[in-house]
1. Filter the range 283-323 for residues that are closer than 30 Å to residue 211 by Cα and open to solvent by less than 50 Å² (accessible area, probe 1.4 Å) and give the result.
2. Would you confirm whether or not the range 326-349 contains a residue that is touching a Leu at 6+ places or on another chain (Cβ under 6 Å) and closer than 29 Å to residue 230 by Cα?
3. Filter the range 226-267 down to the residues that are over 31 Å from the mean Cα position of the chain (by Cα) and of a type in the set (Val, Ile, Thr), then identify the one that is least open to solvent (accessible area, probe 1.4 Å).
4. Name the helices (runs of 4 or more DSSP H) wholly within the range 240-295 that hold at least 3 residues that are in contact with a helix residue (DSSP H, G or I) (Cβ under 6 Å, 6 or more places away or on another chain), in contact (Cβ under 8 Å) with a residue 60 or more places away in the chain and under 30 Å from residue 369 (Cα atoms)?
5. Using the structure shown, decide if residue 280 is open to solvent by less than 60 Å² (accessible area, probe 1.4 Å), among the small types (Gly, Ala, Ser), under 23 Å from residue 404 (Cα atoms) and in contact with a strand residue (DSSP E or B) (Cβ under 8 Å, 6 or more places away or on another chain).
6. Open to solvent by 10 Å² or more (accessible area, probe 1.4 Å), out of contact with any Phe, Trp or Tyr (no Cβ under 9 Å at 6 or more places or on another chain), at negative phi and basic (Lys, Arg): is that true of residue 388 in this structure?
Amino acid sequence: MAPATRYRSSTSLPALQAHALHARSALKNAAKKRKRTLEEEENAEAARQEMEWQSSQARNSALDRDELDEILDDPDADEGDEDEDIDHLVLGHTNTQKRGRRIEEQEHDRDQEREEQEQSDCPQNDVLPVKEARRSVKRLKSNFEASSPAILTSKLPRARLSTSRSHPAPTLPRSAAAVTPIPSTPPRSSHQHSTKPRMSDQTPTSRAVVKTANSIFRVYVATDNGFPTEDEIAAHSRASFKRACKELKRTEILGRFEEDPAYAAIQAKIVATRPSQIRGELKSKVQSAVVGHYELHGLSKSKLEARIAGLLHEHAYVFRNPDKREGFFRHPIFTDIFGAQWLRKRGEAAGEYAAAFNPVPLPTLALIATAIECALRDYVKGYKEIRRGVNEFSGDSYRGSYDSHLCTLRRQEQKHPQLILKLRQEIFQVAYDSIGDFEELEETTDYLGEFDLEADMML
């Protein structure tokens, strides 16, 4: 306890701190000097090795032609030289290790001499802080020299990504930008990876032409051929587009359609989907109507099976009285479906193509009858079964039934032309009158009554 007491009383704290700082500064300077010395020695050694390598290369290149030919003639002649080269490399590596240890020993001796000199210069009571500082420096030095190379990572926080939803478009190379044509109808971003042509991807001008072409093709399917083949679809879709261009007097669109095969293929592909579209709409309406018209609601499974079998037997469902087979194509479902499909909601028979539906064409009646059969077959198992891929209203499944109805109607037209014409006219007139009454009722319904709108707007 006595030496510690003398140490605290003989030297003040500021003096100890000053001596410690002086010692740390001296150690830092010495460390820097040693580092520069080592770098100079390493550079000199590297220069010496480079000179030796260049001189050896010069000696090797000085071989004359005869020696080279001798080496080429005897592949085993240079094995001894290879062994000598390997020995030289191993020896050089060993000499490098020895030289490194010698430098470390010299550095250690210099450190010891410097420590002894500093101890002699500093007061006795300053030895403890100086030694402690020197140990810290040595620990840092040893850690620095023993550490292996590592990848440095930034301590800064990672860059925040932009939260904006819009990203700049990638810049195309000059060569790509020069040869890539600019589409006249750029696709929307939500469908840019889709290969299916869409109406929403067209320009307003092309969209108007395609819309008219769709109506023309729908009229063809309804009044002429309900189940066209693939070749017929391709031909009539192109013909419908050309006719639409002529009706709208869009000669520039027609010229592009005839001159640009890619543009023509896109427009024709859009129009070509009309047959499946109109058949899907028709079946959906018929599915809702058959339950009430043919009294299918509330029947047990066995009775429903028997009822469906009786209606499908020899197409009894086309008669007004299926059980007695009376009223050929006079069942009320025909007028209801015709009005719902082609007269209501801007149907083709209510617009500029009304003449094509008055009187109702025989293919239209055949298409309605085939749709009724398709809807009834959903109940063939005694319950309603609607699944994808089962009982689809397509040409593969129902073209034969459609042809049978059409053949029957045309044969009866040949036998009784006036009666069939009267039937067609009655179906159109009854459907038109029912739709007309419905629309008139909607137009005269005014919930404001005698409300004074002008006075109300002045408030």
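The values are calculated or read from the model by the stated rules, or taken from the named source; none is laboratory data. No experiment lies behind these values; they were computed from the predicted model shown. Positions of Cβ are generated from backbone atoms using ideal geometry, with glycine treated the same way; all protein chains shown enter the neighbour counts. These area figures cover heavy atoms from the full protein model, side chains too; ligands, DNA and RNA do not enter into them. Shrake-Rupley method; radii C 1.70, N 1.55, O 1.52, S 1.80 Å.
1. 283, 286, 287, 289
2. Yes, some residue in the range 326-349 is touching a Leu at 6+ places or on another chain (Cβ under 6 Å) and closer than 29 Å to residue 230 by Cα.
3. 253
4. So the answer is 274-293.
5. no
6. For residue 388, the condition - open to solvent by 10 Å² or more (accessible area, probe 1.4 Å), out of contact with any Phe, Trp or Tyr (no Cβ under 9 Å at 6 or more places or on another chain), at negative phi and basic (Lys, Arg) - is met.
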